[in-house]
1. Within the range 113-146, how many residues turn out to be touching a strand residue (DSSP E or B) at 6+ places or on another chain (Cβ under 8 Å) and assigned to a helix (DSSP H, G or I)?
2. Does the range 19-69 hold any residues that are touching a Phe, Trp or Tyr at 6+ places or on another chain (Cβ under 8 Å) and under 25 Å from Ala147 (Cα atoms), and which are they?
3. Going by what's in this entry, would Pro365 be described as part of a strand (DSSP E or B) and either surrounded by fewer than 16 Cβ atoms within 10 Å (Cβ to Cβ) or at pLDDT below 95 (or both)?
4. Which one is farthest from Cys264 (Cα to Cα) among residues in the range 304-313 that are touching a residue at least 60 places away in the same chain (Cβ under 8 Å) and not β-branched (Val, Ile, Thr)?
5. So which of Val316, Val323 ends up being in contact (Cβ under 8 Å) with a residue 12 or more places away in the chain and farther than 23 Å from Ile265 by Cα?
6. From (1) polar (S, T, N, Q); (2) without any contact (Cβ under 8 Å) to a residue 60 or more places away in the chain; (3) part of a loop (DSSP other than H, G, I, E, B), pick out the condition that doesn't hold for Ser267.
7. Going by the conditions given, is Leu210 touching a residue at least 12 places away in the same chain (Cβ under 8 Å), surrounded by 18 or more Cβ atoms within 10 Å (Cβ to Cβ), not β-branched (Val, Ile, Thr) and not in a helix (DSSP H, G or I)?
8. Tally the residues that are farther than 23 Å from Ile104 by Cβ and not in a strand (DSSP E or B), restricting the search to the range 331-356.
Amino acid sequence: ICQDGRITAVAATAVIPNGCPSIDLQGLHVYPGLIDAGTTVGLTEIGKVAETHDFAEVGQFQPDLQAGVAINPDSELIPVARTGGITTALIRPTGGVIAGQASIMQLAGWTAPEMVRVLSAGLQIHWPGVHDNAEQFQQLRRWIKDARIYDSARSAAPEAGGIPRLVDPRYEALRPYVRGERPIFIEAHSLQHLSEALKFAKLEKLNIVLCGATDAWKLAAEIHAAEIPVIVGPVMRAPISEHDPFDAPYANPGRLHEAGVRFCIRSDNAANSRNAPFEAGMAVAYGLPEEAALRSVTLSAAETLGIADECGSISVGKKADLVILDGSPLQVTSQVKGVVVAGKPFRPESRQTRLYEKYRQRLHPHAAAMP
């Protein structure tokens, strides 16, 4: 039972309030709304049209940028993802070394503020590499060091007439991250970069989440020992090294699961955000238990993003985010029959489904003219 956008009861014997509409879902399956833990949906529209790209700005160090501010609620890609069962997503900036702050968004709403659930969900860093790009790495270290100095100065400086002193928007944005109060999402894929990022986080005492992490299976024991969560994806990609097995990325989640690493799975693509559950499904074919795969795009994703008290499972008190299917969400053959976002039901319709219905008439040119 859902009321005011939240789940109020989960039981076969629950009493339905008077006047509450009911939906017969006999023969169908109800799952928690799926979560894409890394995408640019809402920040881009057409790949070849640069004017529609709001995921990257000019500059290498921009911690004050917030992805949620730039979300386009009218993006045609949002219904596409929602039609695939995605109800929540981590929207991340991608430009520069410190790209800005990722936001958590529900895939329904009239305005960006209405859709954003967490504006500053984490700081997005694209690992420059200690040896690959030594200059940018040293700049990154200076930014962290200077942010700590700034934080100490701001904490010690009294306010004059209600106006805070020494305010710099970039360093101000970094304060909760250098304190370890919010996670830093470090984008790194290769063994070398992942190893460097682990050492950097330990040295600087930062609260990090490894993202991408294609070679994470090679460091599974170290990642588990450090108790660092991982956002894997995309799973359906080529290996980093030409010497690795072709299926190394497919088997990566299964190996992390065996090592006890906390992880979830993302799409890492705006147009293919709908495919996040199929990324998890591919991992099942290469050793990941099905239950763990389903968890990787629901509750595990919510836990990694710090929103498990709001979504990720069908539990009383959580947001009423649900997806209704005729099969498993991990199977490509399953059809989404309905989606509920914060208690509001949606039909599985998008520009793509409308075009499908339009052009399938070509197969039966006389059917449309028939009464």
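1. At the first step, the residues of the range 113-146 found to be touching a strand residue (DSSP E or B) at 6+ places or on another chain (Cβ under 8 Å) are 115-127, 139-140, 143.
Applying the additional criterion that residues be assigned to a helix (DSSP H, G or I) yields 115, 139-140, 143.
Qualifying residue count for the region: 4.
2. Residues satisfying the conditions are Phe61, Pro63, Ala67.
3. Values: part of a strand (DSSP E or B): no; either surrounded by fewer than 16 Cβ atoms within 10 Å (Cβ to Cβ) or at pLDDT below 95 (or both): yes.
Answer is no for this residue.
4. First, the residues of the range 304-313 that are touching a residue at least 60 places away in the same chain (Cβ under 8 Å): 304-307, 310-313.
Okay, now just the ones that are also not β-branched (Val, Ile, Thr), so 305-306, 310-313.
Details: Leu305: 10, Gly306: 12, Glu310: 17, Cys311: 14, Gly312: 12, Ser313: 14 Å.
Checked the range 304-313; the qualifying residue farthest from Cys264 (Cα to Cα) is Glu310.
5. Working: Val323 fails: farther than 23 Å from Ile265 by Cα.
After applying the criteria, what remains is Val316.
6. (2)
7. Numbers: touching a residue at least 12 places away in the same chain (Cβ under 8 Å): yes; surrounded by 18 or more Cβ atoms within 10 Å (Cβ to Cβ): yes; not β-branched (Val, Ile, Thr): yes; not in a helix (DSSP H, G or I): yes.
Yes: the conditions hold for Leu210.
8. Going through the range 331-356 one residue at a time, the tally reaches 13.
The values are calculated or read from the model by the stated rules, or taken from the named source; none is laboratory data. Not measured: the values here are computed from a predicted model. So basically every Cβ, Gly included, is an ideal-geometry build from the backbone, and we count neighbours across all protein chains shown.
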